[in-house]
Structure formats: structure tokens, C-alpha cells
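Colleague: Can you keep this structure in mind? I'll have questions shortly.
Just so it is clear, none of the values below were taken in a lab; they were calculated from the coordinates. Remember, predicted model here, so these are calculated numbers, not experimental data. Every residue, glycine among them, receives a Cβ derived from its backbone with ideal geometry; neighbour counts consider all protein chains shown.
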Amino acid sequence: MKLDLLGNRQRTHYCGELRKAHAGQPVFVCGWVARRRDLGNLIFLDLRDHTGVTQVVCRPEVSGEAHDKAEEARAEYVIGVEGEVVLRAPETVNPQLSTGEVEVVARTLLVLNEAKTPPFPIDDDLRTTEETRLRYRYLDLRRGRMQHHLRLRHAASLAVREHLSAHGFVEIETPFMTRSTPEGARDYLVPSRIYPGRFYALPQSPQLFKQILMIGGFDRYFQIVRCFRDEDFRADRQAEFTQVDVEMAFPQREVLFGIIEELMVKLFALIEVKVERPLPLLAYDAAMEKYGSDKPHLGFDLAWKRVSLPERAREQIHVAEPLKALRVPGWATASRSQLDKLQEHAKQSGADWFSYAKVTASEVQSPLVKIIGDEPIRAVAGAVNAVPGDLIVMLGLKSASSARLETLPLQRVRQLDEASGEVRLDVARKLDLIKPGTWNFVWVVDFPMFGYDEKEKRFDAMHHPFTSPCDEDLQKLESDPASVKARAYDLVLNGSEIGGGSIRIHRQDVQKRIFNIIGLTEEKARERFGFFLDALEYGTPPHGGIALGYDRIVQLMAGESNIREVIAFPKTASGADLMCDAPSTVEAGQLEELGLRIAPQPNKSVECGG
Ligand code: ASP
């Protein structure tokens with residue numbers, strides 16, 4: 001088909017703008033053909049741009065040429081229409097459409113470009129695979145929903161910049177091609193041509209740079225920044241993702257919390273959600289005991305309690321101390337098969353002992369009664385404040401066979417906690433307790449400084465190794481590392497971690513002690529972060545900050561369950577860019593220039609994955 005030129009025609013209105021008040025006006029509207037209905041003497045084109053749809057009418061008696069061209073136009077052709085806005089006859093008004101009271105009668109129709117038949121209709125009610133959507137992302141992006149999400153993201157970015165700037169934070173870019181940073185994931189590496197055999201690492205976060213900016217006197221810094229982590233993909237992670245990265249000098253935790261909370265208020269106002277401040281604080285230990293998670297969903301009122309059974313009872317059922325009990329209000333009606341499934345889930349989650357009790361007005365019913373009698377179960381029911389009609393779920397870990405009265409060490413308590421967290425969510429899902437449209441923020445604080453790495457048989461920093469221990473725990477750093485608390489915090493929303501940070505170590509002596517405890521020799525530390533350790537020696541102010549998981553926040557605001565929905569060009573769960581077909585092989589010459597050789601690889605094509 002012969003294409004027309006746009007020439008110097010200027011769009012007068014967007015498609016979604018036309019209203020009754022425009023009737024009688026000449027307009028020039030442009031966009032894509034969303035739909036064509038050919039009634040012979042009358043052709044209707046729905047013309048779409050990012051603002052909406054307008055109906056164009058082509059009548060031969062107004063313009064034979066426009067009518068002829070409309071006959072040839074197909075879905076996704078790019079057209080421009082010069083014509084007049086007219087009121088629709090009352091019976092043809094479309095109340096579903098914001099422009100439904102008017103239409104544009106075409107005097108001139110320009111076909112500016114043709115389009116192949118798209119592999120899926122550009123429609124919000126989409127029934128195609130994600131793989132196809134990602135392969136043809138440019139078509140997917142035309143859909144109203146993607147337009148909405150990316151524009152929401154833009155509005156959120158503006159709010160971030162405005163808010164943080166107003167609080168004296170300065171946006172400063174930090175390098176993408178740098179050295180390994182301390183977040184503990186695998187690095188993406190970029191080979192250097194000029195220094196063969198050497199590599200830049202893409203930053204896992206700007207952590208060290210933002211700390212150095214504090215040393216450099218910037219006082220308050222932020223950046224909306226891409227971070228790169230080469231992790232084994234979990235369904236809802238991206239190899240490159242965006243953080244709102246924040247750091248301030250001379251920080252008081254409450255001041256930082258206030259600034260971030262105000263930001264949440266502003267962000268959620270964009271979706272008309274009112275965030276009530278101050279946000280609640282929850283200590284890590286309490287989070288693990290009650291909710292079995294350091295990112296608990298607080299949108300429903302189910303909380304575990306650690307309980308104990310009399311020694312005799314524990315001997316009879318071979319379960320280690322402590323056990324955990326959860327009161328599920330009103331669920332004494334749970335069926336056998338529901339309880340079996342719950343038990344199955346508990347076992348998969350790592351708790352190998354499961355039981356339950358149903359509380360009635362006169363008794364407790366439980367398979368345990370015939371083994372340990374009803375007294376101990378009544379005691380558990382009392383401990384969790386159960387009332388008639390409630391179900392009590394009990395979880396535990398079996399005693400090691402040699403230890404009939406075992407008390408769980410910390411690691412195993414955590415294992416039980418984590419299983420209890422899974423079971424709690426499972427119960428909430430089964431009983432439909434997680435209500436859409438509720439927003440439960442919580443700061444999780446008082447994290448342990450160290451976790452114990454069973455494989456390596458040593459302590460490891462639970463956040464990153466630049467996180468400060470609590471001042472009052474400094475004296476027991478070496479003597480009792482497991483009990484040391486960190487000045488770290490996470491921000492959690494509806495069971496997702498949306499941010500994390502800490503007050504940092506600003507003293508060389510403390511930094512050295514931490515490296516020591518996590519088994520990082522001076523030599524190794526110098527090799528990895530020598531530049532940073534040097535910087536610490538030149539007058540480092542106390543400082544601290546946070547990084548917000550920006551993709552996740554926008555995803556939650558957009559009401560989506562996957563971060564790929566709020567990223568223009570995401571990678572699949574297995575790290576592939578299906579549109580660009582990346583990662584890809586490169587020319588042998590390029591490798592040679594870089595001094596690289598690739599060992600023979602099994603042929604693996606780029607795929608969508610999980
Ligand atoms: N850099 C840290 C992270 O990416 C956040 C922080 O401590 O500010 O998790």
C-alpha cells in the first residue's frame with residue numbers, strides 16, 4: 001500500500017481527549033487502528049493512542065479517498081485523521097468510552113505505516129503467554145495496562161526525587177563499571193580490553209560509593225539506581241533491578257524512618273491510599289516467634305507462640321523443646337483433608353512434627369489426647385488464649401533419637417520458625433484472610449548482627465559487613481557474636497521486604513573486628529575493599545541509610561503480583577531478554593581482543609523459564 005507522509009501536520013488532540021465540547025472543531029488525531037468495522041458505505045475505525053480511543057467515521061460522501069484508504073487499513077496500522085468532531089446520535093453514544101459521545105468524521109486519512117498482524121490483540125484482557133508478550137514487548141507496551149504501570153512508575157520517580165530533594169538529599173550517580181561490592185551475591189563481570197585478564201564488576205548496589213560520598217562531605221545522598229546480582233533466578237527476581245538508594249551523615253534512625261515514611265505517604269497517595277504514620281516497629285526476634293518470618297504479613301491476626309509441654313509428654317511424642325502453637329479463631333470446623341494438607345505443607349517447610357487440637361465448650365479434641373492425655377493440651381490452649389470453636393495448630397521438630405529431651409539450638413529454632421511462617425501463610429490463604437486493598441507496613445528492627453554458616457562453620461554478616469553492631473553490644477562482639485544485635489532495619493509491606501538498610505560502621509577499629517569475626521583476613525579485606533578501608537581513615541562521619549526495592553514498591557502500587565509487569569524490558573525468570581535475544585554469543589574477534597577464550601559449551605538456547 002502506498003504510504004502517506006505526515007508532512008508538517010501537527011496533532012491537535014490526543015485520541016482520549018475528545019469530548020462533547022469539541023463538537024464542531026476541526027482536529028488532527030493520530031495513532032494506531034485498534035479496530036475496523038466495515039459496513040460498506042460506512043467504515044468505523046477505532047483510533048488508539050496512549051490516552052484512549054476515538055471513533056473515526058469514514059463516509060464516501062465526505063471523502064471518497066479517506067473511505068478507500070479506511071477499507072485497506074488493518075489493525076495496528078499507523079494513521080492520521082483530519083476531520084471534524086461531531087456529536088454521535090443518542091442511540092450510538094458509547095457510555096463505556098470517555099470519548100463515547102463524539103466521533104471524528106474523516107476528511108483526510110493518512111496511512112503513515114502498515115503493520116503485520118500482531119501475534120496477540122492489543123487488549124487488556126489478554127490471553128497470551130508471558131513469553132509471547134516479552135518477545136513482542138513493543139506491542140505489549142501499547143496495552144493500556146502497561147501504559148498505566150510505566151506512567152505510574154514515572155510519577156513515583158518524580159515523587160521520590162521531589163521528596164528527597166526537599167529534604168536536602170542530592171542525587172549523585174555512581175559507576176556501573178566498578179569493583180565487587182559487598183552484598184554477597186555473584187557479580188556480573190565486564191572484561192577489560194585495555195587490561196587483559198582484568199574485569200570490572202557491575203555493582204550489586206552502590207553501597208561503598210554512598211558511604212564514600214558521606215566521607216566526601218555530601219551529607220545526604222540518593223539515587224534511583226540499577227543494581228546487578230547474578231543469582232540463581234527465583235521466579236520473581238531480576239538480574240538487574242532498581243533501588244532508591246539513600247544515605248545520610250550523622251543519622252538518627254528515627255529521622256531516617258520519618259523521611260522514608262513520608263515518602264511512602266506520598267507514593268501511596270498516587271494510588272489514593274492513605275498511609276498512617278508512624279509505621280509500627282517489630283523486633284526481629286518477635287517477628288520470628290510470632291510470624292515465623294523477618295518479613296511478616298501483618299494483614300491478618302494469626303500469631304504463633306512458643307510453648308512447652310511437660311517432660312513426660314515430650315518423651316512420649318519425641319519432640320524437642322520449644323514447640324509452637326497457633327490459634328486459628330473459629331477453625332475447629334477444619335476437615336480431615338484440610339488438616340492433612342496443612343500437615344503436608346508443614347513437613348515440606350521443614351517442621352517434621354505436626355499436630356492440632358480442636359477446642360469445644362467441654363473438651364479439647366486432638367489425636368494427641370490418647371498419647372499424652374488432655375491436660376497438657378488444655379495448657380497449650382490456655383497459653384494461646386483459645387476459646388471454643390478454635391483450632392490450635394502445633395508444630396515442632398522431632399528430638400534427635402539420642403536426645404529424648406532435646407532443647408533446640410538457635411539454628412533449629414530458626415528452622416522451626418521458618419516452617420511456622422509458611423504454615424501461617426498457608427492457613428491465611430486457605431481461610432482467605434489476606435484481603436486485597438489492605439496495606440500493612442512494618443519496620444523490622446533489632447536484627448542479629450551475624451548468622452551462622454553451617455557449611456563454612458563460621459559467622460557471617462546478616463546484612464552486609466559494613467552494618468554497625470548496636471553500641472551496647474560492642475563489648476561482646478568476640479565473646480558472644482550470636483547475641484550481638486545490628487543497627488539494621490527492613491521495611492516490609494504486605495509480607496514483602498521493600499527496603500533495608502542500617503547505621504554503618506564508621507570506625508576502622510570496629511570494622512576490623514567485624515572482618516575478623518566473619519573470617520575475612522586483613523589481606524582479603526584489603527584486596528576486596530582496600531580503597532574503602534583507606535577512605536574510612538580520613539575522618540568518616542557517623543552515617544547510615546537504606547535502599548528501597550523500587551520495582552517491588554511500584555509492583556505493589558500497581559496491584560500486580562510480578563515485578564516484570566512494572567519493568568519496561570524485563571528479563572525472564574531464567575535471565576533471558578526474549579526481545580533482544582540476550583545473552584548472545586559474540587564474534588570471535590571480540591573475544592580475542594579481550595583475551596578471552598570460551599570453553600566448549602552444550603548448546604543452550606535462551607528460554608523463558610519459570
Ligand atoms: N546496600 C544495601 C542493599 O542493597 C542497602 C543498604 O544497606 O543501604 O541491600
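Colleague: At q = 0.16, 0.19, 0.26, 0.28 Å⁻¹, what log₁₀ I(q)/I(0) does region 457-517 have when each alpha carbon counts as one equal point scatterer in the Debye sum?
Modeller: Log10 I(q)/I(0), no solvent term: -0.53, -0.70, -1.12, -1.24.
Colleague: Could you derive backbone 3J(HN,Hα) for region 12-25 from the dihedral phi with the Karplus parameters 6.51, -1.76 and 1.60 (θ = phi - 60°), listing whole Hz in sequence and x where the residue is Gly or Pro?
Modeller: Here the 3J(HN,Hα) series is 9, 9, 7, 4, x, 8, 6, 9, 3, 4, 7, 3, x, 8 Hz.
Colleague: log10 I(q)/I(0), Debye, Cα-only region 346-396, no solvent, q = 0.22, 0.26, 0.29 Å⁻¹?
Modeller: The calculated log intensity ratios at q = 0.22, 0.26, 0.29 Å⁻¹ are -0.77, -0.98, -1.13.
Colleague: Hey, another quick one. Through the Karplus equation 6.51 cos²θ - 1.76 cosθ + 1.60, θ set to phi - 60°, convert the phi angles of region 185-200 into ³J(HN,Hα) values in whole Hz; use x for Gly and Pro.
Modeller: These are the phi-based 3J(HN,Hα) values: 8, 7, 8, 7, 10, 10, x, 8, 7, 6, 10, x, x, 10, 9, 8 Hz.
Colleague: Within a Cβ distance under 12 Å of Leu158, other residues only, what is the Lys/Arg minus Asp/Glu net charge?
Modeller: Surrounding charge for Leu158 is +3.
Colleague: Indicate the gyration tensor shape class of region 372-457 (rounded, prolate or oblate), computed on the Cα atoms with a ≥ b ≥ c the square roots of the eigenvalues: a/c under 1.5 is rounded; otherwise a/b larger than b/c is prolate and the rest oblate.
Modeller: oblate
Colleague: Further question on the same structure: Could you pull out every residue, at least 5 positions away or on a different chain, whose amide H is within less than 5 Å of the one on Arg35? Hs are placed 1.01 Å off N in the peptide plane, and Pro or chain starts have none.
Modeller: Asp46
Colleague: According to the Kirkwood expression over distinct Cα-Cα pairs, how big is the hydrodynamic radius of region 101-220, in Å?
Modeller: It is 19.9 Å.
Colleague: Still on this structure, please answer the following. Can you give the three extents of the C-alpha atoms in region 252-356 along their principal axes, from longest to shortest, in whole Å?
Modeller: Principal-axis extents of region 252-356 (Cα, largest first): 55, 33, 24 Å.
Colleague: Toward the positive end of the charge dipole of the chain, about the Cα centre and with charges on Cβ (Lys, Arg +1; Asp, Glu -1), which of Ser483, Pro60, Ala419 goes farthest?
Modeller: Value computed over the given set: Ala419.
Colleague: Filter the GluC sites (Glu not before Pro) in region 125-217 to those in DSSP coil with at most 10 other Cβ atoms within 10 Å of their Cβ, and list the result.
Modeller: Glu173
Colleague: Hey, what's the per residue convex hull volume over the C-alpha atoms of region 412-468, in cubic angstrom? Display every interim value, and only then the final one.
Modeller: On the way: hull volume 7.1 nm³, N = 57.
Each residue corresponds to 125 Å³ of Cα convex hull volume.
Colleague: If we restrict to alpha carbons, what Rg and Dmax does the chain come to, in Å?
Modeller: My reading of the Cα-based Rg and Dmax gives 30.6, 97 Å.
Colleague: How much net charge surrounds Val225 when only the other residues with a Cβ under 14 Å from the Cβ of Val225 are counted, with Lys and Arg +1 and Asp and Glu -1?
Modeller: Local charge sum for Val225: -3.
Colleague: Test of understanding: express the Cα radius of gyration of region 95-152 as a ratio to 2.2 N^0.38 Å, with N the residue count.
Modeller: Here the answer is 1.43, to two decimals.
Colleague: Moving on to the next point. Which percent of Cα-Cα pairs in region 280-426 sits in each 10 Å bin, short to long?
Modeller: Values per bin, smallest distances first: 12, 44, 36, 8, 0.
Colleague: Against the 2.2 N^0.38 Å scaling, with N counting residues, where does region 307-351 land? I'd like the Cα-based Rg ratio to two decimal places.
Modeller: Compactness ratio reported: 1.36.
Colleague: For region 1-91, what class follows from the C-alpha gyration tensor (a ≥ b ≥ c being the square roots of its eigenvalues): rounded when a/c is under 1.5, otherwise prolate if a/b is larger than b/c, else oblate?
Modeller: rounded
Colleague: Quick one: which residues, 5+ away or cross-chain, put their amide H under 5 Å from the amide H of Leu112? H built at 1.01 Å from N.
Modeller: Asp4, Val78, Ile79, Gly80
Colleague: Let me ask something else. Residue by residue through region 574-587, what is 3J(HN,Hα) from phi via Karplus (6.51 cos²θ - 1.76 cosθ + 1.60, θ = phi - 60°)? Round to whole Hz and write x for glycine and proline.
Modeller: 9, x, 9, 9, 6, 6, 8, 6, 10, x, 10, 7, 10, 4
Colleague: Determine the sum of side-chain charges near Ile317: Lys and Arg each +1, Asp and Glu each -1, restricted to other residues whose C-beta is under 11 angstrom from that of Ile317.
Modeller: That sum, taken over residues with Cβ under 11 Å, equals +3.
Colleague: Right, here's the next one. Please give every one of the lysines within straight-line cross-link reach of Lys2, meaning a C-alpha to C-alpha distance under 26 Å, and leave out same-chain neighbours fewer than 8 residues apart.
Modeller: Partners within reach: Lys69, Lys116.
Colleague: While we're on this one: Over region 195-309, what per residue volume does the convex hull of the Cα atoms give, in whole Å³? If you can, show how the numbers build up before the last one.
Modeller: Numbers: hull volume 25.9 nm³, N = 115.
Once divided by residue count, the hull of region 195-309 is 225 Å³.
Colleague: Using the eigenvalues of the Cα gyration tensor, what equivalent ellipsoid semi-axes result for region 402-500 when each is taken as the square root of five times the eigenvalue, whole Å, largest first?
Modeller: Its equivalent ellipsoid spans semi-axes of 29, 22, 10 Å.
Colleague: If you don't mind, there's one more thing I want to ask. Going through region 189-234, which trypsin sites (Lys or Arg not before Pro) have at most 15 other Cβ atoms within 10 Å and a DSSP loop state? Walk me through the numbers before you get to the answer.
Modeller: Numbers: sites: Arg193, Arg198, Lys210, Arg220, Arg226, Arg229, Arg234; in loops: Arg193, Arg198, Arg229, Arg234.
Counting only loop positions with at most 15 other Cβ atoms within 10 Å, the trypsin sites (Lys or Arg not before Pro) in region 189-234 are Arg193, Arg198, Arg234.
Colleague: Moving to a separate point now. So which chymotrypsin sites (Phe, Trp or Tyr not before Pro) in region 487-561 are both in a DSSP loop and have at most 16 other Cβ atoms within 10 Å of their Cβ?
Modeller: On the way: sites: Tyr489, Phe515, Phe529, Phe531, Phe532, Tyr538, Tyr550; in loops: Tyr538.
The qualifying sites are Tyr538.
Colleague: Would you work out the Kirkwood radius for region 146-197? I mean one over the mean of 1/r across all pairs of different Cα atoms, in Å.
Modeller: With all distinct Cα pairs of region 146-197 included, I get 14.9 Å.
Colleague: Turning to a different aspect of this structure: Going by a ≥ b ≥ c, the root eigenvalues of the Cα gyration tensor, does region 505-595 fall in the rounded group (a/c under 1.5), the prolate group (a/b larger than b/c) or the oblate group?
Modeller: Because a/c hits 1.5 or more and a/b fails to exceed b/c, region 505-595 counts as oblate.
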